[in-house]
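Enquirer: Take this structure first; my questions come after.
No value in this document is a laboratory result; all are computed from the given coordinates. Quick caveat, the model's predicted, so the values are computed rather than measured. Because the Cβ atoms are built from the backbone with ideal geometry, glycine has one as well, and the counts that use them run over all protein chains shown.
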Amino acid sequence: MSPPPPPPPPPVSPDLKSEVDQVLEAIIYLYTESRRITKELAKRVDLTGPQLTVVKLLQTVGDLSLSELSDKIRAQNSTVTGIIDRMEREGLVVRERSKEDRRVVHIKLTPKGKALADDIPVEPMEIFKGALESLSVQEMRDLMRIMTKVAKRVKQIVRRDVGETDSGNGAAGATKEEK
């Protein structure tokens, strides 16, 4: 039995309200900008946003099992199966059984999928990666420490107020270590 979640924090002091609002605006901006860029790039090559993410991920990382792919894009296996089904029908990916473990199916880009991936100028997350790489080592450590703390707190609040468990993928920014 796990310990009860911590009580809610005290209300934000009026002195911090402006800063909290600014941080929320920055988070919302980054999220919506990421989605907008992904949608725009996907539309140019006649894909959906999730399909673009899969194409660029497979191009960058290489073949992945369905479970690995689901984990990397933080989606349920059933959701990713639907995405892969459509991409397979369009000739962008193929499923190949692992030679080491027949239960494992790897998702692999076809030549058509590779050509499409090459036509997409940038993977949207690369834009944010480039911005993050402009930070100093200390700024990066501070940001990671703070974001990890916020992600853990969001998980606690969701568990307490929404009743969700760790059974699914897609936790709000949680890393594998936090799951």
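Enquirer: So how do 66-79, 26-39 stack up, highest first, on mean other-Cβ count within 10 Å?
Expert: Sorting 66-79, 26-39 by mean packing, highest first, produces 66-79, 26-39.
Enquirer: Under a plain spin-label model, where a point goes 7 Å from the Cα along Cα-to-Cβ, how far apart in nm are Ile28 and Val150?
Expert: So the label points at Ile28 and Val150 sit 1.4 nm apart.
Enquirer: On a 0 to 90° scale, report how tilted helix 137-161 is relative to the longest principal axis of the chain, with both axes built from alpha carbons and the result rounded to the nearest 10.
Expert: Value to nearest ten degrees: 80.
Enquirer: Also, quick follow-up: Which lysines does Lys99 reach when only Cα atoms under 25 Å apart count, and residues fewer than 8 places away in its own chain are ignored?
Expert: Lys56, Lys72, Lys108, Lys112, Lys114
Enquirer: If you fit an axis through the alpha-carbon atoms of helix 14-44 and take the longest principal axis of the Cα set of the chain, what angle between them do you get, 0 to 90°, nearest 10?
Expert: That works out to roughly 10 degrees.
Enquirer: Quote the FRET efficiency, to the nearest 0.05, computed for Arg89 versus Glu133 with a Förster distance R0 of 35 Å and r equal to the Cβ-Cβ distance.
Expert: 0.40
Enquirer: Can you give the extra length, in nm with one decimal, that the chain gains between Thr110 and Asp161 once fully stretched, where that is 0.36 nm per residue apart less the Cα-Cα distance?
Expert: Between Thr110 and Asp161, full extension yields an extra 13.9 nm.
Enquirer: Now for a different question. May I ask you to derive the relative contact order of segment 1-160, considering only C-alpha pairs under 8 Å and at least 6 residues apart, and to give it as an integer percent? Before the final figure, lay out the partial values.
Expert: Details: 102 pairs, mean separation 32.4, N = 160.
Relative CO of segment 1-160 lands at 20 percent.
Enquirer: With angles folded into 0 to 90 degrees, how steeply does helix 49-61 sit against the dominant principal axis of the chain? Use alpha carbons for both and round to 10.
Expert: Tilt relative to the chain: about 80 degrees.
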